[in-house]
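The values are calculated or read from the model by the stated rules, or taken from the named source; none is laboratory data. Worth saying up front: this structure is predicted, and the values here are computed from it rather than measured. So basically every Cβ, Gly included, is an ideal-geometry build from the backbone, and we count neighbours across all protein chains shown.
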Amino acid sequence: MFTALSAISAAGQTPTALSAFAILMQMLRWADKRHPYCRMLIDSDLLGMEREDVIVGDYDPEEHEGTRVFDDAELREFARRLARSTLPVKAKLLMLIMVSTGKRIRETCMGEWASLNFETGEWTIPKEHAKNNRESIVG
C-alpha cells in the first residue's frame, strides 16, 4: 500500500495520495479495534505509516491547503445536478453554502445567527468549530 501511495505522489498527485492515505488510516484504525481484523494487522507495518511516508519530493501540504477552485463549468454542473437531486431542501441549501464558502460540513452546520454580521456581510467561524483550530471570516 505504501508503494502505491508513493507512486501516486510521484506522479504529481500528492493531494490525491494524501486523501487516500487519510481514508486508509481511518479504515485501519477501525479494523485495529475489532476482532478478527486486528489479528490481520499485527504482522503488518500499515499502522506505522505516517503522512510523510507517502509524500515524494518536496511537496508541502500546508502550502497547497485550500488551493483547489471550481471553474464556472463545474459550478454550473454542480448546481444542475443538485437541482435534479432528490435530496431534502435543507441538504441542498447546506451544500450550496459549503460550495459557495469553501467551508466544511461541521463549520457550516455549527454556524449560529450570532456569528453573522449583516452590516459587513461577514460570517465569523470560531476556532472551536474549525478543523484547523483557527478562526476564519467569510465575507
Q. Out of all the residues in region 1-47, which are part of a helix (DSSP H, G or I) and modelled with pLDDT under 70?
A. Phe2, Tyr37, Cys38, Arg39, Met40, Leu41, Ile42, Leu46, Leu47
Q: Say whether the condition of being aromatic (Phe, Trp, Tyr) and at pLDDT 90 or above is met by at least one residue in region 54-65.
A: no
Q | Restricting region 86-139 to residues that are over 22 Å from Leu75 (Cβ atoms) and of a type in the set (S, T, N, Q), the residue that is farthest from the chain's Cα centre (by Cα) | A | Thr120
